[in-house]
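Laboratory data are not the source of any read-out in this text; all were calculated from the coordinates shown. For clarity, every value in this text was computed on a predicted model and none was experimentally measured. Please note: Cβ atoms are built from the backbone with ideal geometry, for glycine as well, and neighbour counts cover all protein chains shown.
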Ligand code: ATP
């Protein structure tokens with residue numbers, strides 16, 4: 001149905017061994033939306049993304065994508081449905097060139113961006129095509145990490161703290177790229193600790209604490225909640 005969200009997460013529980021870290025996450029993302037998970041270090045944001053990709057071994061509850069239950073699918077099957085994660089540690093090959101990194105996306109399905117399309121979004125990656133991953137600046141590495149997942153054909157992008165450790169001017173460039181991806185029709189779930197940055201690009205925000213969603217804030221209400229959020233996020 002048209003009203004069905006693209007992604008719906010219901011009572012998602014997650015464990016690392018005996019350690020119970022997700023305690024019933026509930027949220028949804030509609031097609032074309034840019035939604036954030038905001039929360040302190042250790043709140044469970046990365047673990048939630050790992051669960052969505054099938055990378056967290058112990059997970060229960062329900063995750064539907066395009067109406068289809070994915071809770072027990074393997075990561076590759078989830079990738080083939082059109083989800084991809086850009087992990088916090090970026091996941092690029094340090095010893096391979098930019099061009100080579102772009103030839104090695106983790107999953108391939110129809111609709112992946114061509115090299116020309118990637119270069120259109122990230123002109124800097126064309127200039128740096130022969131440089132190795134470990135010769136790139138932090139911002140360039142982040143651009144390459146995002147570019148790799150665009151090559152996969154994914155339509156739903158999970159971006160885990162893409163701005164972490166980057167200078168403000170580079171954060172602004174990453175924000176422009178993410179906005180461009182939304183304009184191109186990608187649906188995006190973004191993990192952030194910097195809600196001021198998140199507010200410049202997102203439609204809605206879920207606040208995560210101790211493995212559950214404790215609040216949903218539409219973007220136009222974020223500044224009105226700034227004081228409370230700052231306390232909450234410990235910033
Ligand atoms: P961060 O910004 O630090 O990534 P986060 O909100 O993404 O924070 P998670 O990384 O999902 O938080 O961590 C949630 C909880 O799970 C934390 O208590 C963390 O210590 C624990 N945890 C994370 N990874 C593991 C692991 N591999 N083994 C055991 N516990 C883990």
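The table for this structure:
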quantity: Between segment 99-127 and segment 44-98, the Cα center-to-center distance that results, in Å; calculated: 20 Å
quantity: Among 186, 122, 156, residue whose mean-square fluctuation peaks in a GNM of the chain (springs only between Cα atoms under 10 Å); calculated: 122
quantity: Segment residue 66-residue 80, length gained on full extension (0.36 nm per residue, minus Cα span); calculated: 3.8 nm
quantity: Gaussian network model of the chain, springs between alpha carbon atoms under 10 Å - residue of 144, 157, 74 with greatest fluctuation; calculated: 74
quantity: Separation of the residue 40 and residue 120 label points, Cα + 7 Å toward Cβ, nm; calculated: 4.5 nm
quantity: Value in Å of the Kirkwood radius, where segment 67-125 supplies the Cα pairs that are averaged; calculated: 13.4 Å
quantity: Spin-label pair residue 55/residue 200, simplified geometry with 7 Å Cα→Cβ offset, distance in nm; calculated: 2.6 nm
quantity: With Cα atoms, 0 to 90° folded angle of helix 138-151 axis to the chain main axis; calculated: 80 degrees
quantity: Most mobile listed residue (73, 181, 83) in the chain, GNM with C-alpha springs under 10 Å; calculated: 73
quantity: Cα gyration tensor shape for segment 3-126, rounded if a/c is under 1.5, else prolate or oblate; calculated: prolate
quantity: Shape of segment 178-235, Cα gyration tensor, a/c cut at 1.5; calculated: prolate
quantity: Residues 192, 76, 209, sorted so that the one with the fewest Cβ neighbours within 10 Å comes first; calculated: 76, 209, 192
quantity: Rg/Rh (Cα only; Kirkwood hydrodynamic radius) as it applies to segment 79-235; calculated: 0.99
